1. Of the residues that sit in region 62-79 and are surrounded by 15 or more Cβ atoms within 10 Å (Cβ to Cβ) and in contact with a strand residue (DSSP E or B) (Cβ under 7 Å, 6 or more places away or on another chain), which one is nearest to Glu42 (Cα to Cα)?
2. Regarding Asp12, is this residue without any contact (Cβ under 8 Å) to a residue 12 or more places away in the chain, in a helix (DSSP H, G or I) and at negative phi?
3. Looking at the structure I just gave you, is Asn16 surrounded by fewer than 13 Cβ atoms within 10 Å (Cβ to Cβ), modelled with pLDDT under 90 and either touching an Asp or Glu at 6+ places or on another chain (Cβ under 7 Å) or polar (S, T, N, Q) (or both)?
4. Go through region 49-65 and give me each residue that's assigned to a loop (DSSP other than H, G, I, E, B) and over 13 Å from Arg28 (Cα atoms).
5. Return the residues of region 19-55 that are surrounded by 12 or more Cβ atoms within 10 Å (Cβ to Cβ) and of a type in the set (A, V, I, L, M); say none if nothing qualifies.
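The values are calculated or read from the model by the stated rules, or taken from the named source; none is laboratory data. Owing to the predicted nature of the structure, the values given are computational and were not obtained by experimental measurement. Positions of Cβ are generated from backbone atoms using ideal geometry, with glycine treated the same way; all protein chains shown enter the neighbour counts.
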Amino acid sequence: MSNEPTRDQIEDLKANLAYHEHQAALIRERLASVPATNRVPEKDACPGCGERDADRLVWIGDDGDLVRCRSCEHAYRPNPAR
């Protein structure tokens with residue numbers, strides 16, 4: 001039995017990669033269009049997708065110490081003030 005992927009598996013991987021590259025391009029395009037006045041600092045950007053638009057980052061949690069990114073649904077703790 002061979003460990004080599006089948007032609008169908010390769011084509012599926014190519015399609016999956018193309019989809020994710022397209023999604024990344026859309027996110028980059030949208031990030032570039034966010035006015036600088038509405039961006040959070042880079043240190044507080046979503047670690048999942050890099051989102052910095054304050055309108056897309058929502059405070060959640062009982063203590064309001066978590067942020068959920070509306071772009072990728074990642075929840076994280078922003079970096080504390082230094």
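1. Pro78
2. Values: without any contact (Cβ under 8 Å) to a residue 12 or more places away in the chain: yes; in a helix (DSSP H, G or I): yes; at negative phi: yes.
Judged against the criteria, Asp12 is a match.
3. Numbers: surrounded by fewer than 13 Cβ atoms within 10 Å (Cβ to Cβ): yes; modelled with pLDDT under 90: no; either touching an Asp or Glu at 6+ places or on another chain (Cβ under 7 Å) or polar (S, T, N, Q) (or both): yes.
Considered against the rule, which asks whether it is surrounded by fewer than 13 Cβ atoms within 10 Å (Cβ to Cβ), modelled with pLDDT under 90 and either touching an Asp or Glu at 6+ places or on another chain (Cβ under 7 Å) or polar (S, T, N, Q) (or both), Asn16 comes out as no.
4. Residues of region 49-65 assigned to a loop (DSSP other than H, G, I, E, B): 49-52, 61-65.
The answer is Gly61, Asp62, Asp63, Gly64, Asp65.
5. Within region 19-55, Ala24, Ile27, Leu31, Val34, Val40, Ala45, Ala54 meet the criteria.
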